[in-house]
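Below: the structure, in C-alpha cells.
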Amino acid sequence: MATVTRLHIFPQSFDHYRTGQPVVLGPGLCRSRLGRVGGRNGLCLKLKQYCRSFKGEEGGEVEEKEAVSERKSGNLKKSEAKLERGSGFWKSFRTTILGGDEYDKAVAKVEEVFFSIALQVGRYIITMMSTGVILAVGFQLSGGDSQMNTLIWYSWLGGIIIGTMVGANMVLDEHCRAGPRNVVITGSTRGLGKALAREFLLSGDRVVVASRSPESVHMTVKELEENLKDFITTASGSARKNLQHAKVVGIACDVCEPDDVQKLANFAVNELGSINIWINNAGTNKGFRPLLQFSDEDVKQIVSTNMVGSLLCTREAMQVMKNQAKGGHIFNMDGAGSGGSSTPLTAVYGSTKCGLRQLQASLLKESKRSKVGVHTASPGMVLTDLLLSGSTIQNKQMFNIICEHPETVARTLVPRMRVVKGSGKAINYLTPPRILLALVTAWVRRGRWFDDQGRALYAAEADRLRNWAENRTRFSFTDAMEMYTENTWVSVFSLSVVCAFIILSSTSSTFPGT
C-alpha cells in the first residue's frame with residue numbers, strides 16, 4: 001500500500017522540479033533543490049535513478065513512459081539550442097513578443113521617426129496650400145489667357161522647387177543639431193530668465209543658473225529640479241529619452257564684477273564640459289520716472305548691469321567659445337530703445353539697450369570669421385517685475401493687449417535659440433503675425449491681465465506651473481503661422497509678386513499709346 005502511495009505522490013513532486021523547493025515524496029524522503037533524494041539515515045540517491053528503479057503494479061509501463069518523456073525533453077532542448085545558434089531574427093522576434101527594454105526602445109524610436117515625418121509633411125502641406133491659393137488667384141486674374149497661365153505655372157513651379165530645397169535644408173540642419181545644449185543664463189532666478197532656464201531644461205538641455213543672491217540661486221535650482229521630475233513622470237517615448245541628460249546647476253554671480261563673470265564661465269565649463277549658448281539676460285530699469293528723479297546709485301546700477309555686465313559676459317563667453325571645436329552662440333536681450341527710438345521715463349534703460357545694439361553691430365564685424373555667433377533676442381513685453389515696476393493704470397491697459405507671461409514667451413524663443421546658426425540673427429517674439437493677431441483681437445483682450453483699476457487678474461507663477469506640462473505641448477495658431485517663417489512666407493510673397501508683375505506686364509500692352 002505504501003508503494004502505491006509513492007506512485008501517486010511522485011508525479012506531483014516532478015511538476016515542481018524547477019521551483020527549487022523541497023517536496024516530500026514519502027515518509028522520511030524528500031527531494032532537495034539539486035534533484036537529490038535524502039532520508040533520515042543519510043541515504044542519498046539521484047532522483048533520476050530513483051524514478052527508474054521504482055516500479056508500480058503495472059510493471060514496465062512506468063519505465064516506458066519515462067523513456068518517452070526523456071526523448072521529448074531532449075528534442076525540445078535540441079530545438080531551443082538550434083534557435084539560440086540561429087540568426088538574430090528569432091531573438092528579436094522573441095524579445096518583441098515577450099517585451100523588455102529593447103522592445104520599449106524600438107517603440108520609442110519608431111514613435112520619434114513617425115512624429116518627425118508627420119511634422120515635416122505637415123509643414124510641406126502648409127506650403128503647398130499657401131502657394132496653391134496664389135496660383136488660383138493668378139488663374140482668375142489671367143482671364144483664361146493660355147500664355148499667362150503657362151507663365152503662372154512656371155512661376156508656381158519655381159517657387160515650389162525653391163521652397164522644397166530650403167525646407168529640406170532646414171530639416172537636415174535640425175536633424176544635425178539634435179541633442180542637448182549646454183546653456184548659461186544670467187539673471188535667471190525670476191521672470192523671463194527663469195522661464196528660459198525651465199524651457200531649456202525641459203528640452204533636454206543642461207543649464208547653469210546665475211544671479212547675485214546665493215539663496216535665490218539655490219531656491220531656483222531646487223524648483224527647476226522639481227519641474228524636471230514632474231515633467232519626466234508625465235513624459236513618454238522620445239520625450240522621456242530627451243530628458244535623460246537634462247541637468248541644472250547654479251552659482252552666485254554679479255555680472256558687474258569681472259572676477260565673478262570669470263568664475264561663472266569656469267564653473268560652467270567644469271560642470272558641463274563646454275558652453276553652447278550664453279544668454280545675457282540680467283537687467284534692471286529701476287522703474288518709470290523722469291531722469292531727474294533717478295539717483296546716482298540708480299543710474300550706476302542700471303548702466304553697470306545692463307551695459308557693463310553684458311560687455312563683460314560677452315567677452316568671457318567669446319573667450320571660452322573660440323577654443324571650442326563647434327564654437328558657440330551669445331544672445332543679448334533687446335528692449336525698449338534698442339532701435340534708437342525714444343524711451344521717455346526710462347531714459348537710462350533705453351540708452352543702455354541702444355548701446356547693446358551698437359555692440360552687436362561692432363562684434364559682427366570683429367567676429368566675421370569666428371566660430372562664435374553673436375545674436376539678439378527680443379522678448380517684447382513680458383509680465384515681469386521689470387516691466388510692472390512703476391507702471392501706471394494706462395500702461396497696464398496696454399499690457400492687456402500686447403503682453404504675455406514669461407512661460408509663453410520662452411516657449412517661442414527657446415526652440416529658435418537652440419537651432420540658430422551663423423551670426424547676427426534676431427530672435428523675436430513679437431513678429432508681424434503676432435502683432436497683427438494682437439491688434440485684430442484687441443477688443444477681446446481687454447481685461448485679460450488687469451482690470452480697470454489696474455489690479456492683477458492673472459494667476460501666480462506657482463499656480464500657472466501646475467499644468468505646465470499640458471500647456472507646454474499646446475500648438476497655437478501663431479506658432480503654425482511662423483512654422484516656416486524663413487522660407488514659406490517669403491516664397492509665397494515672392495510668388496505673388498511675380499504673378500502680379502506678369503499680369504500687369506501683359507495687361508499694360510493693351511493700353512492706348514503703348
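Numbers below:
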{"item": "FRET E, pair Ala108, Glu461, Förster distance 35 Å, beta-carbon r, rounded to 0.05", "result": "0.60"}
{"item": "The stretch 188-284: relative contact order in percent, alpha carbon pairs under 8 Å with at least 6 residues between", "result": "33 percent"}
{"item": "Accessible surface, per residue, of the stretch 302-385 when the full set of protein chains is kept, probe 1.4 Å, Å²", "result": "45 Å²"}
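The values are calculated or read from the model by the stated rules, or taken from the named source; none is laboratory data. Note that the structure is a prediction, hence the values are computed from the model and not measured. Note that we place each Cβ from the backbone using ideal geometry, even for glycine, and neighbour counts take in every protein chain shown. Remember, those area values only see protein heavy atoms, side chains included, never the ligands or the DNA or RNA. Shrake-Rupley method; radii C 1.70, N 1.55, O 1.52, S 1.80 Å.
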